[in-house]
1. Output the residues belonging to the range 170-208 that are open to solvent by less than 40 Å² (accessible area, probe 1.4 Å) and touching a strand residue (DSSP E or B) at 6+ places or on another chain (Cβ under 6 Å).
2. Would you please list the contacts, defined by Cβ atoms under 9 Å and residues six or more apart or on different chains, that run from a residue in the range 81-99 that is open to solvent by 20 Å² or more (accessible area, probe 1.4 Å) to a residue that is among the β-branched types (Val, Ile, Thr)?
3. Note down all Cβ pairs under 7 Å where the first residue falls in the range 201-226 and is free of Cβ contacts under 8 Å to residues at least 12 places away in the same chain, the second is in a helix (DSSP H, G or I) and open to solvent by 10 Å² or more (accessible area, probe 1.4 Å), and they're at least six residues apart or on different chains.
4. Does the range 25-46 hold any residues that are in contact (Cβ under 8 Å) with a residue 24 or more places away in the chain, hydrophobic (A, V, I, L, M, F, W, C) and within 13 Å of ALA94 (Cβ to Cβ), and which are they?
5. Tell me which residues, restricted to the range 231-254, are part of a loop (DSSP other than H, G, I, E, B) and either at pLDDT below 95 or open to solvent by 20 Å² or more (accessible area, probe 1.4 Å) (or both).
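The values are calculated or read from the model by the stated rules, or taken from the named source; none is laboratory data. Keep in mind that this is a model prediction, so the values were computed, not measured. Neighbour counts run over all protein chains shown; Cβ positions are idealised from the backbone, glycine included. Please note that ligands, DNA and RNA were not included when accessible areas were found on the heavy atoms of the full protein model with its side chains. Shrake-Rupley method; radii C 1.70, N 1.55, O 1.52, S 1.80 Å.
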Amino acid sequence: MLVRVQPPDIDELRREAHERALTRPRVPFDGRVRDSTLGEAGLPARWYEPALIASGAGVVFLHGGYGLFGDLELQDGYCRRIAGTLGITVLSVAYRLAPEVTLAESAADAVAGAEALRASGLERLVLWGDSAGGTVALAAARDARADALVLTNPTVDLSLASYDDDAPGGPGRELSEWSFARWAGGGTIADAPDLAADTRGLPPLFVAVGADDSLLPDARRLVSAAESTGVPARLRIVPGAAHGFMGGPDLGIAADVIRDAGRFLAL
């Protein structure tokens with residue numbers, strides 16, 4: 001089902017998302033948080049370095065936001081929880097957004113993050129993406145030479161062919177349709193890619209999704225496709241959870257999903 005919508009006010013969406021993020025209390029974190037830039041373009045990035053490092057791996061984190069909005073503030077709390085829960089260095093990358101760039105260019109920014117993480121001396125690389133950030137992680141996985149993928153409520157099929165309109169807790173179809181048509185670069189939603197179409201060569205994969213999320217069919221197909229091509233994969237479905245549950249009020253579930261991902265991928 002395709003929905004015709006008026007173009008969104010992108011500047012307002014981005015401003016409101018940033019302001020909402022700034023109103024959230026900072027998640028306590030025992031370690032160092034520092035901002036930096038990547039490459040000649042000066043891509044904004046933020047490092048989360050726990051006081052007690054328990055893993056030689058590192059995470060490149062990619063935020064959600066329909067591929068349309070989001071910055072380093074949007075999921076700062078999520079990054080702090082990953083770093084603190086697993087004792088692992090996290091590098092959050094504010095990748096470039098649609099409609100100014102395509103998904104391929106957003107993925108190139110994730111690769112730049114991976115290169116920066118490797119240059120810091122870390123032994124293994126994890127791409128960790130939430131919602132549209134999961135899209136970027138999937139698109140970048142091979143070029144980034146990722147050792148593992150963690151995707152929470154990811155958008156996998158940008159054509160929305162698998163989107164469950166009857167699910168009560170998904171991301172907005174209208175905004176998804178408008179953004180993904182442009183992010184894909186073809187101008188129409190029908191041209192947008194299904195990133196579960198070819199899973200060959202992907203690294204081990206952990207996917208968590210809410211049972212009430214419209215993107216649950218995407219997650220099921222991705223894990224099934226990965227397993228069919230010999231990619232170790234695990235799907236965790238969180239009962240009663242909607243899209244974006246990792247930033248919701250149930251911090252126990254969020255921490256448990258992070259620990260579950262760490263166990264499955266031996267982080």
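1. PRO203, LEU205, PHE206, VAL207, ALA208
2. ARG81/VAL27; ARG81/ILE258; GLY84/VAL27; THR85/ILE258; LEU86/VAL59; LEU86/ILE258; LEU97/ILE10; PRO99/ILE10
3. none
4. Within the range 25-46, LEU38, LEU43, ALA45 meet the criteria.
5. Taking the range 231-254 and keeping what is part of a loop (DSSP other than H, G, I, E, B), we get 231-232, 239-244, 248-250.
Passing the criteria: PRO232, PRO239, GLY240, ALA242, HIS243, GLY244, GLY248, PRO249, ASP250.
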